[in-house]
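Engineer: Here's a structure for you.
Bear in mind that the values in this text are calculations on the coordinates, not laboratory data. A quick note: this is a predicted structure, and the numbers were derived from the prediction, not measured. Because the Cβ atoms are built from the backbone with ideal geometry, glycine has one as well, and the counts that use them run over all protein chains shown.
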């Protein structure tokens, strides 16, 4: 029995698109709903921003697991054992995307605490850059 990887590539791309949409949509909604709110903790501006930047390193650390799972799944090709490798690749992508969202989440916490939009934008852009690491290569998605 041949193993077809095409549905898995499509699922990886679909998951990436959904997670990216959520990561972009939530901060926009938060900024829109809380635009008139007073800052809750102005003294926390710098510590929260630095903590948001520090979460970038957690995501970069997590990327190596995704990379190894991707190499293993692609290396097995159409072998029947590839199914387990693809399950692991899906798992690593989801964990990686969750970690890549951490800077955006810290940016939203920063926005609620301080009310400044620029750190929110910077941390969301950092998250988007990390999330691009977990996008499946478009040449492999057929």
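Engineer: For the chain, what is the relative contact order in percent, using Cα pairs closer than 8 Å and at least 6 residues apart in sequence?
Structural biologist: 41 percent
Engineer: Please compute P(r) over all alpha-carbon pairs of the chain, binned at 10 Å starting from zero, and give each bin as a whole-number percent.
Structural biologist: Reading the bins upward from 0: 12, 36, 26, 16, 8, 2, 0.
Engineer: Per residue, how big is the convex hull of the range 46-124 when only Cα atoms are used? Give it in Å³.
Structural biologist: 71 Å³
Engineer: A follow-up question, please. Calculate the spin-label point distance for residue 11 paired with residue 24, positioning each point 7 Å from the Cα along the beta-carbon direction, and give it in nanometres.
Structural biologist: About 2.5 nm, to one decimal.
Engineer: Something else about it: Could you compute the FRET efficiency for residue 90 and residue 40, with r as their C-beta to C-beta distance and R0 at 22 Å, rounded to 0.05?
Structural biologist: For R0 = 22 Å, the calculated efficiency reads 0.05.
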